[in-house]
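Encoded as structure tokens, the structure appears first; notes follow it.
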Amino acid sequence: MWHKHMHSPAKKPKVEHSSSNPGGSGWSGGGGFKNSPKLEGHGQPNEALKQERRALPIYPARQQLIAQIRRLPSAIVIGETGSGKTTQIPQYLLEAGVNGGAAIAITQPRRVAAVSVCQRVAQEKNTTVGTSVGYRIRFEDATSSSTKLIFMTDGMLLREAILDSKLTKYSVIVLDEAHERTVHTDVLFGVVKAAQNCRLKTGLKLLKIIVMSATMDVDHFSRYFNKAPVLYLEGRQFPIQVMHTAEPQSDYAFSSVVTLFKIHKEAPAREDVLIFLTGQDEIDSAVKQLRQLSRDMQDLPKLLILPLYAALPPQQQVKVFEKTPPGHRKVVIATNVAETSITIPGIKFVIDCGKVKAKVFNARTGLDILRVVNTSKAQTLQRTGRAGRESAGTCYRLFTEAQFGEMSSNTVPEIQRCNLSSVILQLMAMGISDVMTFDFMDKPDRESILAALTELELLGAVEKISESDMPKLTPLGKRMAAFPLDPKYAKIILLSQEYGCVEEVLTIVSILSVDDIFINQMNKRDEIQSVRQKFVSSEGDHITLLNTFRAFKSVNGNKAWCFENFINYRHINTAREVRKQLRDICSCQGIQFSSCGKDTENVRKCLAAGLFLNCAQLSKQGDFTTVSSRLTVSIHPASALFHCKPACVVYSELIKLGKNYMRNVSVVDPEWLQEVAPSYFKQKKVHLMT
DNA sequence: GAGCACTGC
């Protein structure tokens, strides 16, 4: 069944031979195979830490590395897993004074990474977080005026760029994990490049850019940053044997079960397995099936089967880190959270189905499509690498070598797959008016940028004086950009002043911008439904969310109460923090806080005014038709209005799952819509039923 | 009539 070859991530690194790297050697470092630094090693003696630092593969290359970076305006650093680049390069820069006394920003795509890397660096420097080393993420600022190494999320630096597009407080910007190509990182590429250029032209202090990546597609990065030299670092990965199937597999979930039992029969029990599948349902049913099968196999070692996906409650997620009981084999069945966000110790085998659930945005219809697609080669390699973190491993790919060959090299960057209205608003708030020609590393479709501009224009955030003119940010747009929200939600907040319901709208928008506060378990559906009934409003989901938050507040955010009411404590608390942040921004803008009390009709009027682009009418067939693009859509089964047939609704978002679904739906009066946007409905030739 | 990959400000 299996075809075998070796995947060797530990191969000798190539060395760049550009003219700016005359020596052409030295980047490869020395190191052999040793465990990568442990981020949780508190209280270790300083000498041991120094030893660990010196043992990193990057260490022997540090002087040449710094000498190069010192004279280059931009550099690309390619470092494999375990090279130590993330923790060491910022320290080397500081120790060598490359920053010239100013601050160095180091960005990460994820909050936990920003915090944990910062903690590790503080420890290595024998100092405390918040002094010379600190971090800044949303809701948390652990820096002071004297902080020189600032670890932050890429989204945070992007927010700072809205206030200061030249990023004047930094002399060096390090963009880490650039290969992940998050929207934020991609926008930052253009922003830091423009800032560097601008500072050069205006005689300001120069800005140095360091892009750190694990990508194979280094030329693309180098070309974009004015042919910046590429500096290679050796990593610490163990060899991994890769197996492909001889034939394509029609049912990968079934194949993964078969493959697991093959491993289970052959390999020692101590060797753990990580299986990549695509989603919650698929994982839950595989877990159930495997648990059943392992009960029937008394003669084999016991299996400890654990699901892992982001929506899983934290107390269940941490189980994958617990020590496997003696005589057991741990099998973790995960989504792509286990690719980057969560590293599981002890994995010796990876089973990769070669699929991933991905969201693709269709600018023409405004519809998000969530579906299972093939992984890219880069993503496949990332999954394979998870088998070789601590020792040599094996990866079983549930597809043929030919199928691997047909995969695209890299995952399409998120910026080419998402709604751009927020990105475009932010760029314009930074003073970039010609967004059509903005220097993206990979440009989104022209149609997608135009759709975003059109939406912003309809929301009143952008205007064109004449057709030939460049779009211009309006004062309203400027105010909207201050909110870390989807523009349509920012608009609703600003509108709520006129409707006397600022407090209520802040609550609703806060909840809409976090993960679902409701816990939905299929096996407890009836119980959940009866408990939740007291929050449900016939006006729709938005008022239901408001009722829920009000109840949560009336019990002072009690955790037990959340548990009893099937409310996700963590998510509703995040909503509370978001609300606080949004309220502060309102204060800064001089917004008067008002409340409508029980008169929630005003809230719906406000929602109608802000969400008129997201409205749908009941059709004769009993489903709904959207006004914007005449799509046939349905109310999502989780909605408070699932069983209802209101004549006219507004919704927060559209997603194509099996059918096209509207999520978070509220009943509105068609006349309200007509009043707030008469020209829009006239242009759409829609006669709203009354 | 029946359902949701992953981040982040």
Out of the residues in the stretch A:573-620 that are touching a strand residue (DSSP E or B) at 6+ places or on another chain (Cβ under 8 Å) and within 15 Å of DNA strand B (Cβ to nearest atom), state the one that is nearest to A:F483 (Cα to Cα).
A:A616
Among A:L293, A:L303, which is in a helix (DSSP H, G or I), in the same structural domain as A:V373 (by TED's automatic domain parsing) and either on the phi < 0 side of the Ramachandran plot or over 26 Å from the mean Cα position of the chain (by Cα) (or both)?
A:L293
Could you list, in sequence order, the residues of the stretch A:268-286 that are open to solvent by less than 50 Å² (accessible area, probe 1.4 Å), under 16 Å from A:V258 (Cβ atoms) and within 16 Å of DNA strand B (Cβ to nearest atom)?
A:I275, A:F276, A:L277, A:E282, A:A286
Do the conditions hold for A:N336, that is, is it away from DNA strand B (no atom under 12 Å from the Cβ) and surrounded by 17 or more Cβ atoms within 10 Å (Cβ to Cβ)?
no
Regarding A:I415, is this residue modelled with pLDDT under 95 and either farther than 30 Å from A:H264 by Cα or within 15 Å of DNA strand B (Cβ to nearest atom) (or both)?
no
What single numbered condition from (1) within 12 Å of DNA strand B (Cβ to nearest atom); (2) in a helix (DSSP H, G or I) fails to hold for A:A310?
(2)
Name, by its number, the condition in (1) closer than 21 Å to A:Q382 by Cβ; (2) under 26 Å from the mean Cα position of the chain (by Cα) that does not hold for A:K330.
(2)
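Tell me yes or no: at least one residue of the stretch A:391-400 is in contact (Cβ under 8 Å) with a residue 40 or more places away in the chain and surrounded by fewer than 16 Cβ atoms within 10 Å (Cβ to Cβ).
The answer is yes; a qualifying residue exists.
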Applying the selection to the stretch A:83-110, what residues are open to solvent by 20 Å² or more (accessible area, probe 1.4 Å) and under 16 Å from A:T343 (Cβ atoms)?
A:T86, A:P109, A:R110
Considering only residues that are surrounded by 21 or more Cβ atoms within 10 Å (Cβ to Cβ) and within 21 Å of A:R583 (Cα to Cα), which ones fall in the stretch A:513-543?
A:I517, A:H542, A:I543
Based on what the data block shows, is A:T474 of a type in the set (S, T, N, Q) and crowded, with 20+ Cβ neighbours inside 10 Å?
no
Filtered residue count, the stretch A:379-396, keeping only those that are outside any helix (DSSP H, G or I) and either more than 18 Å from A:E271 (Cβ to Cβ) or of a type in the set (G, A, S) (or both):
5
Going residue by residue through the stretch A:508-529, is there one that turns out to be farther than 28 Å from A:A310 by Cα and either at pLDDT 95 or above or away from DNA strand B (no atom under 15 Å from the Cβ) (or both)?
no
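Going by what's in this entry, would A:F552 be described as within 15 Å of DNA strand B (Cβ to nearest atom) and on the phi < 0 side of the Ramachandran plot?
Spelling it out, it is not the case that A:F552 is within 15 Å of DNA strand B (Cβ to nearest atom) and on the phi < 0 side of the Ramachandran plot.
Right, A:K355: open to solvent by 40 Å² or more (accessible area, probe 1.4 Å) and within 21 Å of the chain's Cα centre (by Cα) or not?
It is true that A:K355 is open to solvent by 40 Å² or more (accessible area, probe 1.4 Å) and within 21 Å of the chain's Cα centre (by Cα).
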Could you count how many residues in the stretch A:135-149 are aliphatic (A, V, I, L, M) and within 13 Å of DNA strand B (Cβ to nearest atom)?
2
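The values are calculated or read from the model by the stated rules, or taken from the named source; none is laboratory data. In this text, all values refer to a predicted model and were calculated from it rather than measured experimentally. Because the Cβ atoms are built from the backbone with ideal geometry, glycine has one as well, and the counts that use them run over all protein chains shown. Surface accessibility is based on the protein's heavy atoms, side chains included, excluding ligands, DNA and RNA. Shrake-Rupley method; radii C 1.70, N 1.55, O 1.52, S 1.80 Å.
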